[in-house]
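Single-structure report; data block below.
The values are calculated or read from the model by the stated rules, or taken from the named source; none is laboratory data. Please read these numbers as outputs of a predicted model, since none were measured by experiment. Cβ atoms come from the backbone with ideal geometry, glycine included; neighbour counts cover every protein chain shown.
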Amino acid sequence: MPLRLRYMRLADIQEVVAIDRLSFQPSWRHESYRFELNESRSSHMVVLERRTAPSASTHAGWLNKLRGRLNGTAAESSCGDILGYGGIWSIADEAHISTIATHPTQRGNGYGEILLAGMIGKALRLGAGYIVLEVRVSNQVAQSLYEKYGFSRFERRRRYYASDGEDAWDMRLTLDEAARRRYQRLYGRLQARHDLADAYSCKAHPRP
Ligand SMILES: CC(C)(COP(=O)(O)OP(=O)(O)OC[C@H]1O[C@@H](n2cnc3c(N)ncnc32)[C@H](O)[C@@H]1OP(=O)(O)O)[C@@H](O)C(=O)NCCC(=O)NCCS
């Protein structure tokens, strides 16, 4: 099935919150996502969807067609399952990865990597000098993903997570020529492996 990276929309929030609840403790609330999409000037939220092309005769297809007509995005309209999501805050020279998760039943298929690569591509296009994120010291899976793209441990933040007092690694990636080449090589591999369209990293933010 074709995959597409695109900016998160208000209509996605319910599905995104469901994945968030299965992935994080505590999770973000609906209002937090609404703020990121509607209010924040620095936020670039992304989803990865698996596109399906419903027949117009099915209920979902009919509803989707109608939605596309109503909001004037008939060409964009599609049905899709959200496989994962992420977000970056772009502030001056810094791109901060605020969140990233894939649905638990979809992990291990390369989708988290597509989301991370999409956000690195976005940070490069925004002209960021480096990317920073925090990750639980126990979260080996995420750390391994970040290391694959050249992130390294910058400093350990003691008791960073208020819910249980676990430490975080502050991991960083300087967006120099080597990081750009690594990103291009790995992203090329992802595109060869998946039927992937990217309507996020090189698109301007569709701000309301
Ligand atoms: C972290 C997360 C986004 C990774 O997504 P995913 O879709 O499972 O990952 P992918 O299939 O794209 O794998 C990409 C890389 O992640 C790492 N990885 C994935 N599964 C792994 C595992 N079981 N063990 C170790 N590393 C693993 C590897 O580096 C892998 O690259 P490789 O395929 O070349 O080995 C996902 O596990 C998740 O949503 N976790 C819960 C939320 C979370 O912890 N987010 C990070 C907050 S900082």
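Please name all residue pairs, on different chains or six or more residues apart, with Cβ atoms under 8 Å, provided the first residue is in the range 180-200 and is closer than 19 Å to TYR149 by Cα and the second residue is in a loop (DSSP other than H, G, I, E, B) and among the aromatic types (Phe, Trp, Tyr).
Once the first residue is closer than 19 Å to TYR149 by Cα and sits in the range 180-200, its partners that are in a loop (DSSP other than H, G, I, E, B) and among the aromatic types (Phe, Trp, Tyr) give ARG182/TYR149; TYR183/TYR149; LEU186/TYR149.
Let me spell it out: the conditions are (1) surrounded by fewer than 17 Cβ atoms within 10 Å (Cβ to Cβ); (2) in a helix (DSSP H, G or I); (3) within 14 Å of the ligand (Cβ to nearest atom), and SER138 meets all of them except one. Which number is the exception?
Of (1) surrounded by fewer than 17 Cβ atoms within 10 Å (Cβ to Cβ); (2) in a helix (DSSP H, G or I); (3) within 14 Å of the ligand (Cβ to nearest atom), only one is false for SER138: (2).
Between a first residue in the range 33-50 that is free of Cβ contacts under 8 Å to residues at least 60 places away in the same chain and a second residue that is of a type in the set (D, E, K, R) and in a strand (DSSP E or B), which pairs have beta carbons less than 8 Å apart while being 6 or more apart in sequence or on different chains?
From residues that are free of Cβ contacts under 8 Å to residues at least 60 places away in the same chain, the pairs are VAL47/ARG6; GLU49/ARG4; GLU49/ARG6; GLU49/ASP81; ARG50/ASP81.
Out of all the residues in the range 154-201, which are under 14 Å from LEU3 (Cβ atoms) and aliphatic (A, V, I, L, M)?
Matches in the range 154-201: LEU190, ALA192, LEU196, ALA197, ALA199.
Scan (1) at pLDDT 95 or above; (2) within 25 Å of ARG50 (Cβ to Cβ); (3) surrounded by fewer than 18 Cβ atoms within 10 Å (Cβ to Cβ); (4) more than 11 Å from the ligand (Cβ to nearest atom) for the single condition GLU155 breaks and write down its number.
Checking GLU155 against (1) at pLDDT 95 or above; (2) within 25 Å of ARG50 (Cβ to Cβ); (3) surrounded by fewer than 18 Cβ atoms within 10 Å (Cβ to Cβ); (4) more than 11 Å from the ligand (Cβ to nearest atom), the one that fails is (2).
Among the listed residues ASP170, ASP198, identify the single one that is surrounded by 14 or more Cβ atoms within 10 Å (Cβ to Cβ), part of a strand (DSSP E or B) and in contact with a Gly (Cβ under 9 Å, 6 or more places away or on another chain).
Among ASP170, ASP198, only ASP198 is surrounded by 14 or more Cβ atoms within 10 Å (Cβ to Cβ), part of a strand (DSSP E or B) and in contact with a Gly (Cβ under 9 Å, 6 or more places away or on another chain).
What pairs can you find where one residue is in the range 119-144 and in contact (Cβ under 8 Å) with a residue 60 or more places away in the chain and closer than 19 Å to ASP164 by Cα, the other is of a type in the set (A, V, I, L, M, F, W, C) and assigned to a loop (DSSP other than H, G, I, E, B), and their Cβ atoms are less than 6 Å apart, with a gap of 6+ or different chains?
none
Could we say that ALA179 is more than 26 Å from ARG107 (Cβ to Cβ) and surrounded by 17 or more Cβ atoms within 10 Å (Cβ to Cβ) here?
So ALA179 fails the test.
Only one residue in ILE88, ILE114, ILE97 is away from the ligand (no atom under 12 Å from the Cβ) and surrounded by 16 or more Cβ atoms within 10 Å (Cβ to Cβ). Which one?
Result of the check over ILE88, ILE114, ILE97: ILE88.
Conditions tested, residue by residue: (1) modelled with pLDDT of 95 or more; (2) in contact with a helix residue (DSSP H, G or I) (Cβ under 6 Å, 6 or more places away or on another chain); (3) among the charged types (D, E, K, R).
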position: ASP81; (1), (2), (3): yes, no, yes
position: ILE88; (1), (2), (3): yes, yes, no
position: ASP93; (1), (2), (3): yes, no, yes
position: THR99; (1), (2), (3): yes, no, no
position: PRO104; (1), (2), (3): yes, yes, no
position: ARG107; (1), (2), (3): yes, no, yes
position: LEU115; (1), (2), (3): yes, no, no
position: ARG136; (1), (2), (3): yes, no, yes
position: ASN139; (1), (2), (3): yes, no, no
